[in-house]
Amino acid sequence: MKDLIIAGSGPAGLSAAVYAANAMLDFAVIEKFPMSGGQMLNTYDINNYLGFEAVDGFTLGQAFRKHAENKGSEFINDEIISIDKIDGGYSIKCNKGEYEAKTVIFATGANPKKLGVKGELELAGRGVSYCATCDGNFFRGKKTAVIGGGDVALEDALYLANICEEVYLIHRRDELRGAKYLQDKVMSNDKIKILYSNEAEEIIGENKVEKLKLKNGKELDVDGVFIAVGLEPNSKLLDGIADMENGFIKADESGITSAEGIFAAGDVRTKRLRQISTAVSDGANCVHSVEEFINKK
């Protein structure tokens with residue numbers, strides 16, 4: 001039985017790995033995807049992570065992974081399908097194997113939330129996208145729309161403005177919610193047209209996106225629709241095990257959940273600010289809580 005299993009290898013999971021290695025815990029990181037970094041990999045421009053004035057998410061993610069590897073972290077590429085309480089800890093069942101640990105840190109992150117309008121699922125991958133940095137290049141010189149008003153939506157609009165002919169930014173409220181510096185950049189960009197107090201009603205197209213219909217009846221001729229309306233936490237594995245709040249695992253900065261020996265870090269837990277810096281902090285805090293938990297046993 002290991003001291004710790006870390007579920008997820010985004011910033012929170014990789015930070016936890018570094019701290020767990022420093023604490024000389026017997027641990028492993030289980031990651032679903034073959035590349036570490038989580039949602040950070042989809043971020044084109046990061047300019048608010050201390051020590052890196054300008055860096056892309058892929059580069060930062062690789063640096064995090066290398067740091068954890070150099071500390072001797074064990075990585076297991078597998079998908080967790082269930083977690084069960086056993087004597088002295090938990091059994092973590094995966095597609096390829098089964099592991100036991102005294103404690104578990106859930107750093108499973110969150111996925112982009114669906115908009116839920118007609119045509120969204122039908123045209124996903126054919127003009128509908130949830131990642132501008134992943135798919136934006138397919139729309140070089142074309143017209144696109146971004147739906148949302150937070151940091152991700154503003155970052156997507158700015159990224160697309162570099163390569164697209166025109167970008168519509170559609171937000172249901174009368175003011176944007178993203179960081180002020182991002183708002184300033186968006187508002188000063190001639191290629192971005194902000195449509196306040198508007199909502200998407202339908203994404204129209206036969207085999208690809210052709211139009212975006214708004215609830216006010218207006219139709220926009222666009223080739224791509226990028227949806228950035230929030231996150232859906234990857235917390236289903238803990239349904240009935242730990243307390244939740246709107247799908248997020250209830251935990252403060254200590255990472256301690258209602259389930260003994262289970263801790264939550266990063267975007268999957270309840271918190272005010274979901275950023276790389278707060279995820280990294282969560283990873284460190286969780287390992288400290290794990291040490292305290294194990295030492296009390």
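Just so you know, all these numbers are worked out from the coordinates, no wet-lab data involved. A quick note: this is a predicted structure, and the numbers were derived from the prediction, not measured. Neighbour counts are summed over all protein chains in view; Cβ atoms, including those assigned to glycine, are modelled from backbone coordinates with ideal geometry.
With each label modelled as a point 7 angstrom along the Cα→C-beta vector, the Glu165-Phe52 pair spans 3.5 nm. Between Leu50, Leu238, Leu25, the GNM of the chain built on Cα springs shorter than 10 angstrom shows Leu50 fluctuating the most. Footprinting exposure proxy ranking of Val18, Val225, Val29, fewest other C-beta atoms within 10 angstrom first, gives Val18, Val29, Val225. Among Cys94, Cys134, Cys164, a tally of other beta-carbon atoms within 10 Å of each Cβ gives an order, fewest to most, of Cys134, Cys94, Cys164. Rounded to whole numbers, the Karplus 3J(HN,Hα) couplings from phi for the range 133-140 are 6, 6, 10, x, 5, 5, 10, 4 Hz, using 6.51 cos²θ - 1.76 cosθ + 1.60 with θ = phi - 60°, and x at Gly and Pro. The Glu98 and Arg173 beta-carbon pair, evaluated with R₀ = 51 Å, returns a calculated FRET efficiency of approximately 0.60.
Taking the inverse of the mean 1/r over every pair of distinct Cα atoms in the range 101-219 gives a Kirkwood hydrodynamic radius of 15.2 Å.
For Lys113, the residues 5 or more places off, or on other chains, whose built amide H falls under 5 Å of its own are Val229, Gly230, Leu231, Glu232.
Report the calculated FRET efficiency for His67 and Glu122 (r = Cβ-Cβ distance, R0 = 45 Å), to the nearest 0.05. According to the calculation, E is roughly 0.60.
Fewest neighbouring Cβ atoms within 10 Å first, the residues His171, His67 line up as His67, His171. Summarising the amide proton neighbourhood of Glu120: residues at separation of 5 or more, or on other chains, whose placed amide H is nearer than 5 Å comprise Ile203. To the nearest ten degrees, helix 11-22 and the longest principal axis of the Cα atoms of the chain are 20 degrees apart.
Axis angle, to the nearest 10 degrees, between helix 57-70 and the longest C-alpha principal axis of the chain: 10 degrees. Taking Cα atoms, how many degrees apart are the long axis of helix 276-296 and the longest axis of the chain, rounded to 10 and kept between 0 and 90? It works out to around 20 degrees. For Lys296 and Asp243, the difference between the fully extended length at 0.36 nm per residue and the C-alpha to C-alpha distance is 16.8 nm.
Derived scalar couplings between HN and Hα for the range 246-256 equal 6, x, 8, 6, 6, 6, 8, 5, 6, x, 6 Hz in order, rounded to whole Hz, by the Karplus curve 6.51 cos²θ - 1.76 cosθ + 1.60 (θ = phi - 60°), x for Gly and Pro. Could you work out the local net charge near Asn47, counting Lys and Arg as +1, Asp and Glu as -1, over the other residues with Cβ closer than 15 Å to its Cβ? Spelling it out: positives minus negatives among the neighbours equals -4. Each part gets one Cα centre, and for the range 152-218 versus the range 1-54 those centres are 32 Å apart.
Rounded to the nearest angstrom and listed largest first, the equivalent-ellipsoid semi-axes of the range 185-232 from its Cα gyration tensor are 20, 14, 13.
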